[in-house]
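Please read the structure below before turning to the comments.
The values are calculated or read from the model by the stated rules, or taken from the named source; none is laboratory data. This structure is a prediction, so every number in the text was calculated from the model and none was measured. Here the Cβ positions follow ideal geometry from the backbone for every residue, glycine too, while neighbour counts run over all protein chains shown. Just the protein is used for accessible areas: all its heavy atoms, side chains included, with ligands, DNA and RNA removed. Shrake-Rupley method; radii C 1.70, N 1.55, O 1.52, S 1.80 Å.
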Amino acid sequence: STLVAGLSHTCGLDAGGAAFCWGRNINGQLGDRTRQDRSTPVAVQGGASFQSLSAGWNHTCGLSPGGRLLCWGLNGDGQLGDGSRMDRLVPTPVPGSFRSVAAGSGHTCGISGDSVLCWGSNQFGQLGNGSGPEGSSVPVAVQGLPSSPRSVVAGAVHTCALLSEGEASCWGQNLHGQLGDGTTENRALPVRVEGSLSFVSLHAGGAVTCGLTSDGSRYCWGMNQSGQLGDGTRVNRSRPVRV
């Protein structure tokens, strides 16, 4: 999207695809070659133009029109995907070619060909490759998706993919039911969101996932302590409920 917000920084694109960021910059998440906080927009350095951006908690990624993915900012968990765990103050390429990107708190995922690739923290299984809690500083393939991915979204520590038939699969932390599989068990491999719903888009934030269905209905699942699912309650939901 053209305007994205991390934990305490914001980035946007101008009409020509140039990226600008503002806010907290201790890890280089503004991409301006410094670690200085900025109260007004500064240009992301490196000269790349972008068609979309995604902001993690303390890192930012941008997708270039040709499929090149660049990330910058905090890299302590390998969430920039460049094989290192060094913060980057300017956009740094992720190996491969991508058509979609989603950044979580300490992990990032993207669609490459017919695969979802993820990298960074894997404490709750949010990389979706079935491995243990150790993360990866390079992209690894999500295992076991039943069909090809159309888009990918990331909450803080969970990830979901919209698949070709309109079904949704999620993986990672499930403490609040944000994977939508009817349980609160963390999943290191994708599980199908229950309810036989056909989605046209998905959205995730924090410990909540929402989907828009083809008839225009909205469904959400996950944490609901503040009423963020919109179902009139404050009860967490491990299956989609209609907003």
How big, in percent, is the set of alpha carbon pairs in the range 33-174 lying more than 25 Å apart?
21
Accessible area of the chain divided out per residue, in Å², using a probe of 1.4 angstrom:
40
On the accessible surface of the range 63-131, probed at 1.4 Å with all protein chains in place, carbon and sulfur together account for a percent value of 49
Which of rounded, prolate, oblate describes the range 99-180, given a ≥ b ≥ c as roots of the alpha-carbon gyration tensor eigenvalues and a/c under 1.5 marking rounded, otherwise prolate only if a/b is larger than b/c?
oblate
Under the Kirkwood approximation for Rh and a Cα-based Rg, what ratio Rg/Rh is obtained for the range 105-243?
0.95
Using alpha-carbon positions, the gyration tensor of the range 161-243 gives root eigenvalues a ≥ b ≥ c; with a/c under 1.5 called rounded, otherwise prolate if a/b exceeds b/c, else oblate, the class is oblate
Find the centroid of the Cα atoms in the range 175-199 and in the range 98-141, then give the distance between the two in whole Å.
17
Which loop GluC sites (Glu not before Pro) in the range 75-169, with loop taken from DSSP, have no more than 12 other Cβ atoms within 10 angstrom of their Cβ?
Glu134, Glu165
Please list, in chain and number order, the residues 5+ apart from Gly206 or on another chain whose amide H is under 5 Å from its amide H, with Hs placed from the backbone.
Ala156
